[in-house]
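Here is the structure we will look at, set down as structure tokens.
The values are calculated or read from the model by the stated rules, or taken from the named source; none is laboratory data. None of these values were measured; they are calculated from a predicted model. Please note: Cβ atoms are built from the backbone with ideal geometry, for glycine as well, and neighbour counts cover all protein chains shown.
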Amino acid sequence: MARVYDKYLRQRITRRRLLQASGVTAVGAGAVALVGCGDSGTSTNGAATAVDEGEVTKNGILHISHGAVLPTLDTFGAAALIPNVAFGGSVFDHLFYVPLDTQKVELLLATNVEQVDEQGLEYVITIQDSVFHDKPPVNGRPVLASDIKATYEAYAADDLAPGLGWHHDILESIDVPDDNTVIIKQNQPYAWFFHPGGAGSLGSSNIHPVEVLAEGYDRGNSLIGSGRMMLTENRAGEFFRLDKHPGWRIEGEPWLAGSTSSLIGESAQAQASFQAGDIDTVGLSNKLEADQMESRMGDSITVTSTFSRAYHALMLQLDRVPEFQDPRNRRAINKAINRQELIQGIEFDPEGGGPSGPIPPAQAVYALPQDEMDEYFRYDPEEAKALFEETGFDLDRTYNLIFYILGDDQQKRAQLLKEQFERVGMKVRIEGQDLLAKWLPQTLPNGDYDMTAYTQLPYDDPHFPMSFYTTRSPLGDIEDPRGRNNMAYFNEVLTAAIDDSEQELDEEVRVEKIKDVVRMIVADEAPMINLYSSVSYGARHNWYKGTLPASRGSFALFNGRSWIDTNLRGS
């Protein structure tokens, strides 16, 4: 059977080389698992090959699964993250995007972008002809510059959804002199303008028609965009059907006739559905599952593996536990964590992951030298005990460690952390919470935890990984006079250094400034302690073709050239 290894994984699969890559995000990758996308062997994974379009069968329907009910499809508000991740790359169009591998701008709906001044305070964007889906109240009308203006202004007015820092703090104005021209002005230079941390985010640049943005329109049960796929069926968040948009702006695409996503809550059930041919791709938890699937199905499938852009993290809340305000206690917590034990215990393989620093290892260009990170990753329970004794840390108190319930791995990770903390004298109680009902909308953004363990989304640039350490975090109480940070971590010097790096338009200089930011985070033992990144595995049937490599990052979600070979599978 052909196993396809991502270039990054081939270079860094050994533990030592993984550590070298680790020098250097609200939201869990539970959202990724939930919607069947990401970098774990689903439709965004695998090796892309040149295809003679004459060989492509365009009547195929892609069948995938998702792991939990989507309670709303509204792409605004506190629960907006998941529908944005699930449908942002297919149902909606975007002006541009910056792939992970090249870090170069790819124009989408935009046909030209002119930077008016050297500081990048003003951009003039020309858009090409396109039409919305033929659904009321829009009924297939053309996409206008005024729709883009209304979209960005609606995101800017959204104070509940995370990840809108650019819209709230940097976007100054949007003008539309005609139907095909958008002028965006910023109040400061911003290096991530085109990136997910700016005007190119999957979560905040989905182009909506003005009719859908009007007050009183119910966005919770339907979606209307101008992307290559249109939502045609939604059964209470448990089943979705998308059909190709006949008015899609790229002639001849998409190569899929449509897709379906069914709720399959258990991974074993999803794997059984994959083996039966009922779904075309499936995520696998670890190398053991990948090897077992390979053994069962042989050359009829392709197994993929890649070093995930997602990463597992632990957050400490400094208001809930005032002793966490002492960096020595935060260092003790970090020294109590045995990352290799976590990797072995959860991934069932010592090479199933690599330690993650403040910026995840998949963003290798920002990695610090290995010798700078070895000390941060060093496991030393005796030092942890000594630090607790030095500070008088309260070892009689029981500390709550909260995780969200989605599959088994989150609970296993929390349980292992509990055991590691108990070895240094801490009393820890773990608590699982419903991801969508409580943890994501309440616990995480409001800082309602002593400690919380979760999986960050797979980010394509350093903006969000850095932003959680600032006084303008995507998470936290916006009314707090100290700033916004769900960990109650208010380091003004670090925030200023991050701001300075994000205003640096020279890429080489910016990379070095970001490395300096990482050094500051490490030196201060900041309370978001990243644990490790997994190696992600997945499988797809060989009739599912034209997928893009995970090295492209979330840009692969825009792929209109994946297809089903119906000669192999049937329609």
Original post:
Among helices (runs of 4 or more DSSP H) lying entirely in segment 479-571, which contain 3 or more residues that are acidic (Asp, Glu)?
Top reply: 492-502, 507-523
**OP:** For segment 326-344, indicate whether the set of residues that are assigned to a loop (DSSP other than H, G, I, E, B) and either modelled with pLDDT under 90 or surrounded by fewer than 17 Cβ atoms within 10 Å (Cβ to Cβ) (or both) is non-empty.
**Re:** no
Original post:
Quick check: is even one residue across segment 188-196 surrounded by fewer than 19 Cβ atoms within 10 Å (Cβ to Cβ), modelled with pLDDT under 95 and under 24 Å from the mean Cα position of the chain (by Cα)?
Top reply: no
Original post:
Within the set of pairs 6 or more residues apart or between chains, which connect a residue that is farther than 22 Å from Ala214 by Cα inside segment 157-185 to a residue that is in a strand (DSSP E or B) and at pLDDT below 95 with Cβ atoms less than 7 Å apart?
Top reply: Gly165/Arg472; Asp169/Arg472
Original post:
If we keep just the residues of segment 215-233 that are among the charged types (D, E, K, R) and under 19 Å from His94 (Cβ atoms), which is surrounded by the fewest Cβ atoms within 10 Å (Cβ to Cβ)?
Top reply: Arg219
**OP:** Looking for whichever is of a type outside the set (S, T, N, Q), out of contact with any helix residue (DSSP H, G or I) (no Cβ under 6 Å at 6 or more places or on another chain) and within 20 Å of Pro136 (Cβ to Cβ) here; the options are Gly258, Gly227, Gly265. Which one fits?
**Re:** Gly227
**OP:** Show the residue pairs that are 6+ apart or on different chains and have beta-carbon atoms under 8 Å apart, the first residue being within segment 335-357 and under 13 Å from Phe307 (Cα atoms), the second being assigned to a helix (DSSP H, G or I) and small (Gly, Ala, Ser).
**Re:** Gly354/Ala21
Subject >> segment 377-392, subset part of a helix (DSSP H, G or I) and either at pLDDT below 95 or among the charged types (D, E, K, R) (or both), residue farthest from Phe324 (Cα to Cα) >> reply: Glu382
Original post:
For segment 117-133, which residues satisfy the criterion of being touching a helix residue (DSSP H, G or I) at 6+ places or on another chain (Cβ under 8 Å) and modelled with pLDDT under 95?
Top reply: none
**OP:** Please enumerate the residues belonging to segment 234-248 that are over 20 Å from Leu557 (Cα atoms), loosely packed, with under 14 Cβ neighbours inside 10 Å and not basic (Lys, Arg).
**Re:** Ala236
Subject >> Which numbered condition Ile514 fails, given (1) surrounded by 23 or more Cβ atoms within 10 Å (Cβ to Cβ); (2) more than 23 Å from the chain's Cα centre (by Cα) >> reply: (2)
Subject >> Top-ranked residue in segment 434-455 [being closer than 16 Å to Tyr489 by Cβ and not acidic (Asp, Glu); ranked as surrounded by the fewest Cβ atoms within 10 Å (Cβ to Cβ)] >> reply: Asn446
**OP:** Consider only pairs whose beta carbons are under 7 Å apart and that are at least six residues apart or on different chains; among these, list those whose first residue lies in segment 503-524 and is farther than 12 Å from Met373 by Cβ and whose second residue is of a type in the set (A, V, I, L, M) and part of a helix (DSSP H, G or I).
**Re:** Val511/Val365; Asp516/Ala497; Val517/Met466; Val517/Ala497; Val517/Ile498; Met520/Leu494; Met520/Ala497; Asp524/Leu494
Original post:
What residue, among those in segment 165-182 that are assigned to a strand (DSSP E or B) and among the hydrophobic types (A, V, I, L, M, F, W, C), is nearest to Ile478 (Cα to Cα)?
Top reply: Leu171
Subject >> Looking only at segment 393-421, and only at residues there that are of a type in the set (A, V, I, L, M) and assigned to a strand (DSSP E or B), the one that is surrounded by the fewest Cβ atoms within 10 Å (Cβ to Cβ) >> reply: Ile405
Subject >> Qualifying positions in segment 273-294 - polar (S, T, N, Q), under 27 Å from Arg413 (Cα atoms) and surrounded by fewer than 24 Cβ atoms within 10 Å (Cβ to Cβ) >> reply: Ser273, Ser285, Asn286, Gln292
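Condition check ((1) acidic (Asp, Glu); (2) out of contact with any helix residue (DSSP H, G or I) (no Cβ under 8 Å at 6 or more places or on another chain); (3) assigned to a helix (DSSP H, G or I); (4) surrounded by 14 or more Cβ atoms within 10 Å (Cβ to Cβ)) across all residues:
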{"residue": "Lys135", "(1), (2), (3), (4)": "no, yes, no, yes"}
{"residue": "Ile148", "(1), (2), (3), (4)": "no, yes, yes, yes"}
{"residue": "Leu160", "(1), (2), (3), (4)": "no, yes, no, no"}
{"residue": "Gly163", "(1), (2), (3), (4)": "no, no, no, yes"}
{"residue": "Ile184", "(1), (2), (3), (4)": "no, no, no, yes"}
Original post:
Out of (1) farther than 24 Å from Trp543 by Cβ; (2) among the hydrophobic types (A, V, I, L, M, F, W, C); (3) over 25 Å from the mean Cα position of the chain (by Cα); (4) surrounded by fewer than 21 Cβ atoms within 10 Å (Cβ to Cβ), the odd one out for Val212 is which?
Top reply: (4)
Original post:
Any chance segment 472-483 includes a residue that's modelled with pLDDT of 95 or more and polar (S, T, N, Q)?
Top reply: no
Subject >> Residue ID - farthest from Leu342 (Cα to Cα), chosen from residues in segment 397-429 that are of a type in the set (D, E, K, R) and more than 24 Å from the chain's Cα centre (by Cα) >> reply: Arg397
Original post:
Would you call Arg378 over 30 Å from Ala80 (Cβ atoms) and not hydroxyl-bearing (Ser, Thr, Tyr)?
Top reply: yes
Original post:
Name the residues in segment 485-509 that are surrounded by 19 or more Cβ atoms within 10 Å (Cβ to Cβ) and either at pLDDT below 95 or under 21 Å from the mean Cα position of the chain (by Cα) (or both), would you?
Top reply: Asn485, Asn486, Met487, Ile498, Glu502
Original post:
Going through segment 257-291 one residue at a time, which ones are of a type in the set (Ser, Thr, Tyr) and not in a helix (DSSP H, G or I)?
Top reply: Ser259, Thr260, Ser261, Ser262, Thr281, Ser285
Subject >> Unmet requirement for Ala313, which otherwise passes all of (1) at pLDDT 95 or above; (2) in contact with an Asp or Glu (Cβ under 7 Å, 6 or more places away or on another chain); (3) among the small types (Gly, Ala, Ser) >> reply: (2)
Subject >> Matching residues, segment 122-133, being part of a loop (DSSP other than H, G, I, E, B) and surrounded by fewer than 18 Cβ atoms within 10 Å (Cβ to Cβ) >> reply: Gln128, Asp129
